[in-house]
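The values are calculated or read from the model by the stated rules, or taken from the named source; none is laboratory data. Model, not experiment: these values are computed from the prediction. Please note: Cβ atoms are built from the backbone with ideal geometry, for glycine as well, and neighbour counts cover all protein chains shown. Side chains are part of the model used for accessible areas, which takes the heavy atoms of the whole protein and leaves out ligands, DNA and RNA. Shrake-Rupley method; radii C 1.70, N 1.55, O 1.52, S 1.80 Å.
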Amino acid sequence: PLLDGVPFSAAVFSAEGRLLHLAAADDGIYRLRTPLAAISPDAAAATIFYEDRRFRSHIGFDPMALARAAAATLAGSRPIGASTLTMQIARMRLHIDSRTLSGKVQQIMEAMRYEAHYSKDELLEAYLNLAPYGGNIEGVGAAALAYFGKRADELTPAEALALAVVPQNPVKRRPWTGPDFDGARIRVAREAVAEG
């Protein structure tokens, strides 16, 4: 399974569902195992929209995104990402240095292997449990508690969008505290998701 060997936090809730205590996992990370069914559909949709719009149709990598990133690199413009959610899972789980050509090829190959063995929902669940959300917070379950004081299935659409932008730059985009946190970016994403 994709999350085997990943240490998770322990959480204690009151009878009313209020968080009483969240302990860091053995590796010092706040990472709360959260099944996809316990994650707001808005959080899943916002993540797919922001990170990998063709997630449901590609085989682990997105040729169009790779071509766009290669063209931007050759043109000398600002680097743009081309990693799919599945490629990011491979990088995180296998500690792949994807900044090199050989690392990127390995990441693509492992993503294709994951796609052959796991369903899209299993892959999405793994990503949402492993993605970095700033500091020592990983996974949308821990991020929802840390930033909004609620479980991942209680996130509003605006909160889901606020979290969706964080993993691309978790140091700068942490909700409310990161220097690049931009409410305007959330509004633009909200409008785009609403349009379809």
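Some observations on this one:
- Unmet criterion (only one of (1) of a type in the set (Phe, Trp, Tyr); (2) touching a helix residue (DSSP H, G or I) at 6+ places or on another chain (Cβ under 7 Å); (3) open to solvent by 70 Å² or more (accessible area, probe 1.4 Å)) for PHE13: (2)
- Top-ranked residue in the stretch 5-35 [being over 18 Å from the mean Cα position of the chain (by Cα) and of a type in the set (D, E, K, R); ranked as nearest to MET92 (Cα to Cα)]: ASP27
- Screening TYR133 against (1) closer than 15 Å to ALA46 by Cα; (2) at pLDDT 95 or above; (3) among the hydroxyl-bearing types (Ser, Thr, Tyr) leaves a single unmet condition, (2).
- Checking GLU122 against (1) surrounded by fewer than 17 Cβ atoms within 10 Å (Cβ to Cβ); (2) at pLDDT below 95; (3) not polar (S, T, N, Q), the condition it does not meet: (2)
- Test result for ASP26, of a type in the set (D, E, K, R), in a loop (DSSP other than H, G, I, E, B) and either surrounded by fewer than 19 Cβ atoms within 10 Å (Cβ to Cβ) or modelled with pLDDT of 90 or more (or both): yes
- Complete set of residues in the stretch 89-123 that are farther than 15 Å from SER57 by Cα and in contact (Cβ under 8 Å) with a residue 60 or more places away in the chain: ILE89, ARG93
- When restricted to residues that are among the polar types (S, T, N, Q) and open to solvent by less than 80 Å² (accessible area, probe 1.4 Å), the stretch 102-116 contains 1.
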